[in-house]
Amino acid sequence: AGCTNTASFTLSVTPTPTLLVQPISICPGGTGTLNATGASSYTWNPGNATGSSFTASPVSTTNYTVTGSNGLCTSTTTVDITVGSSLTVSINSPTLCAGQSVTLTAISGATSYTWNTGANTNTVVVTPTTTTYTADFSAPGCTGSGTTSVMVNPSPTVTIAGSAICSGQIATLTASGATTYTWVPSGVNGNTFIATPSVSTTYSVVGEAAGCGNTATFDVTVTPTPSLTVNSPTICGGSATLTANGATNYTWSPGGQTTSSIVVSPTITTTYTVDGANGSCLTSTTAIVNVNVAPPLFINMVNPSPFCPGSCSNFSATSGYSPVTFDYGDATGTTTATTHCYSLSGTYTVTAIGIYLSGCSVTSSTVVTLSFLPVNTVTFDVLGSIPYQVNSAISFTSYGLSGNWTFGDGTSLTNAPDPIHTFNSGGTYCIKMVSPTTTLGCTDSLTKCVDIIQPVSINIPNVFTPNGDNKNDVFKVDGTGINDFHCVILDRWGLRMFEWDGIGGSWDGFTKSGTPASAGTYFYIITYRAADGTGDVVKGPLGLYR
């Protein structure tokens, strides 16, 4: 009727629950709890249980319904409890040797693993001592664990007993600490091994016990057995040095000396023994000192008769010595010559060193006195005035002494004093006078030379005919008293056609090239020198006709 009023009413809206519940999985025989959220009260079926949590132990996978209420408002959802398969695990339990590694493998239907080593896979590699290993594993709704033991056998402690040897000996090696043994690299089995090394060598053995092995080595030290050498000298009295080589220590007998070299003085041939050692390695050898003998060495000298200056003495030594070396005591050195010529009279010490048939060297000396006979001195002079001409008699004076004369031109006189001699051609002649040898004196000689002058003459033709008729075919100069001679042939233009040295030369009418020279006039230039030193140059024309 035109009038209004207001009325109010409060409408309460309660939220419909939004249920949340997660499905779970359990292992067979296990118990699982479902938890619901989103409501204020809950009812579970089957089972008609209430509460936000519901625990059940189904034998197989089961679907559960939960109804949640907020006052008058409700909501319903379903969830499964899944019953999985049973989890079983198998882990290998190996046996190994100390220091070895092994792989442990867990075999099961699990999806995750955790080992007590910290590994997270179904396999793990370990290098154990004897110990236990555990693996925790799981699969959806299931967990479990597995344990295994690893048996670790100890490796045997293998040792080798042996000793150092000398070269040429055998080494016996004995192994211990294991059950079986194999020697490397020979492959020989057994705890004993025989070796014959020539140098220091390392040997190995592999020992096994309870399936485990170990290796041991042994160094066989080889000390060289001394290879001794020693000299065996021959002496002729006196001492000898014996020297051994090849070891580091030495012991001699007889004597007991311990050096490598010893000096011995046996009077008869004697055998000596030396022991040589390198460490504990020992060997022996012997040396023989042969003692030879030789007779006295005598020196004999024989002088010629008469014994004149320049004569030579002959020496000899006791028979059986060869070679013999002499020192004749006059500072001329040593020689094996047995003839020696002393230059002066005097007293000399002659020394001889000889090798006897036994090999002994003996030295001997003797003093010799030399006294040459006096010399029958020669003297002579040439009489007359210089120059001496050819065919002139020349007198010689020897002041009354007789001697043997040679005049240098092939003639001689015997036992004559003051000779007179004529030289038939020019030249230089050496006259020698030799005095006779007597029981009181020795020969002497004296030589003097004289120049015999040949008068100079020269004959130079002015024409020749080289036509082959053997008459006047060459141009030749004749002369006497000429020592040096040189001739040059010139043509009319002054060119040299031919030349020669010596008075006996000639020109055959040919040029230097070997062709016949043309007929005509040529010119000669002759240079000569006489025996007395005088000379001349002669020039002139020469006609050549054919």
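The values are calculated or read from the model by the stated rules, or taken from the named source; none is laboratory data. It should be emphasised that the depicted structure is a prediction, and the values quoted were computed from it without experimental measurement. Virtual Cβ from ideal backbone geometry, glycine too; neighbours counted across all protein chains shown. The area values use the complete protein model at the heavy-atom level, side chains included, leaving out ligands, DNA and RNA. Shrake-Rupley method; radii C 1.70, N 1.55, O 1.52, S 1.80 Å.
For this structure, a couple of remarks:
- Close pairs (7 angstrom Cβ cut-off, 6 or more residues apart or separate chains): farther than 10 Å from A36 by Cβ and in contact (Cβ under 8 Å) with a residue 40 or more places away in the chain in the stretch 66-78, open to solvent by 30 Å² or more (accessible area, probe 1.4 Å) and among the small types (G, A, S) anywhere: S69/S40; S69/S41; N70/S40
- Answer residue from the stretch 108-158, given it is exposed (fewer than 13 other Cβ atoms within 10 Å of the Cβ) and among the hydrophobic types (A, V, I, L, M, F, W, C) and is modelled with the highest pLDDT among those: V125
- Listed here are the strands (runs of 3 or more DSSP E) enclosed by the stretch 1-108 that have at least 2 residues being of a type in the set (A, V, I, L, M) and at negative phi: 24-26, 32-37, 73-83, 89-91, 102-108.
- Only one of the numbered conditions (1) open to solvent by 70 Å² or more (accessible area, probe 1.4 Å); (2) assigned to a strand (DSSP E or B) is violated by T332, and that is (2).
- Residues of the stretch 313-328 satisfying the condition of being open to solvent by 30 Å² or more (accessible area, probe 1.4 Å) and under 23 Å from P374 (Cα atoms): N314
- Restricting attention to the stretch 277-298 and to residues that are open to solvent by 50 Å² or more (accessible area, probe 1.4 Å) and part of a strand (DSSP E or B), the residue that is nearest to T248 (Cα to Cα) turns out to be L282.
- Scan of the stretch 183-205 for residues that are in a strand (DSSP E or B) and either surrounded by fewer than 18 Cβ atoms within 10 Å (Cβ to Cβ) or among the small types (G, A, S) (or both), ordered by number: V184, N189, T192, I194, A195, T201, T202, S204
- Set C449, C442: member being under 30 Å from P374 (Cα atoms), more than 60 Å from the chain's Cα centre (by Cα) and open to solvent by 60 Å² or more (accessible area, probe 1.4 Å): C449
- Some residue of the stretch 377-396 being open to solvent by less than 30 Å² (accessible area, probe 1.4 Å) and either in contact with a helix residue (DSSP H, G or I) (Cβ under 9 Å, 6 or more places away or on another chain) or of a type in the set (S, T, N, Q) (or both): no
- Set T465, T443, T527, T447: member being under 30 Å from T406 (Cα atoms) and touching a residue at least 40 places away in the same chain (Cβ under 8 Å): T443
- If only residues of the stretch 502-536 that are touching a Phe, Trp or Tyr at 6+ places or on another chain (Cβ under 8 Å) and among the aliphatic types (A, V, I, L, M) are counted, the one that is farthest from N470 (Cα to Cα) is I526.
- Within the stretch 464-546, strands (runs of 3 or more DSSP E) holding 3 or more residues that are within 25 Å of Q454 (Cα to Cα): 478-480, 482-490, 520-530, 535-544
- Yes/no for V59 being open to solvent by less than 70 Å² (accessible area, probe 1.4 Å) and either in contact with a strand residue (DSSP E or B) (Cβ under 9 Å, 6 or more places away or on another chain) or not aromatic (F, W, Y) (or both): no
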